[in-house]
Amino acid sequence: MVSTVLTVRTARPEEADLVAELARTTFPLACPPELGADDIAAFVAAQLSAERFLAHIGSPSTQVLVAGRAGALVGYALVHDEDPPGSVVALLGPGRAVELGKFFLAAGEHGRGTAHELMGAVLRQAEAFGAGQVWLGVSRDNARANRFYERHGFELVGTKSFTVGSVTLPEDFVRVRVLDAGRARTASSS
């Protein structure tokens, strides 16, 4: 019998190709309809290659988290502990913030609890980085993702641009979640 138990863990270097393949198949599912296949392919080649994932996996400031089921990767997330871009800094609250840079699931995993489990791992990783908040950018046109982030406490705080291939999308939503541990630290330091 094949196990259907979900596991969520840190990616290993030898899985960079598998994460890149998952990214190649899941990223286009989240793109707004006005993006062409060439622009999506250019973004995937530049940002979601096995080499890029290997660099992320080896970086002390990034965690690549993967969700697996029955021996296959079914989801991944990137948590970046780096200074936010200037266009985002003004949208964040006080304190340290990490970015949820990518959060994608295989199509068959929607509605199975996988996203909830992977988000739990993201939030634990953010706290391990010492952050009081997590920020992310998400397409304003991706209603499913926006509902998911709202349910997980990510408040809409503004917009930012996002470039995919030769197209710059002017108004991706920026969402922020204040972490419970961050709230406790802020309250105790007041």
Selection count, region 47-92, where residues are closer than 23 Å to H116 by Cβ, in contact with a strand residue (DSSP E or B) (Cβ under 7 Å, 6 or more places away or on another chain) and among the aliphatic types (A, V, I, L, M): 9
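Does N142 meet the test of being crowded, with 17+ Cβ neighbours inside 10 Å, touching a helix residue (DSSP H, G or I) at 6+ places or on another chain (Cβ under 7 Å) and among the polar types (S, T, N, Q)? Show your work before the answer.
Working: crowded, with 17+ Cβ neighbours inside 10 Å: yes; touching a helix residue (DSSP H, G or I) at 6+ places or on another chain (Cβ under 7 Å): yes; among the polar types (S, T, N, Q): yes.
The answer is yes for N142.
Which residue is surrounded by the most Cβ atoms within 10 Å (Cβ to Cβ), if the candidates are limited to region 6-29 and must be assigned to a helix (DSSP H, G or I) and touching an Asp or Glu at 6+ places or on another chain (Cβ under 9 Å)? Don't jump to the end; show me each part of the working.
First, pick out the residues of region 6-29 that are assigned to a helix (DSSP H, G or I): 13-29.
Those left that are additionally touching an Asp or Glu at 6+ places or on another chain (Cβ under 9 Å): 16, 20.
Values: A16: 21, A20: 19.
Ranking the candidates gives A16 first.
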Some residue of region 75-87 being of a type in the set (D, E, K, R), free of Cβ contacts under 8 Å to residues at least 40 places away in the same chain and closer than 24 Å to G158 by Cβ: yes
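Being in contact with a Leu (Cβ under 9 Å, 6 or more places away or on another chain), modelled with pLDDT of 90 or more, of a type in the set (V, I, T) and surrounded by 19 or more Cβ atoms within 10 Å (Cβ to Cβ) narrows it down to one residue among V98, V64; which is it? Break it down into steps so the answer makes sense when it comes.
Details: V98 fails: in contact with a Leu (Cβ under 9 Å, 6 or more places away or on another chain).
Result: V64 is the single residue among V98, V64 that is in contact with a Leu (Cβ under 9 Å, 6 or more places away or on another chain), modelled with pLDDT of 90 or more, of a type in the set (V, I, T) and surrounded by 19 or more Cβ atoms within 10 Å (Cβ to Cβ).
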Checklist (1) touching a residue at least 40 places away in the same chain (Cβ under 8 Å); (2) buried (at least 17 other Cβ atoms within 10 Å of the Cβ) applied to A70, failing item: (2)
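The values are calculated or read from the model by the stated rules, or taken from the named source; none is laboratory data. Everything quoted here is computed from the prediction, not taken from an experiment. Cβ atoms come from the backbone with ideal geometry, glycine included; neighbour counts cover every protein chain shown.
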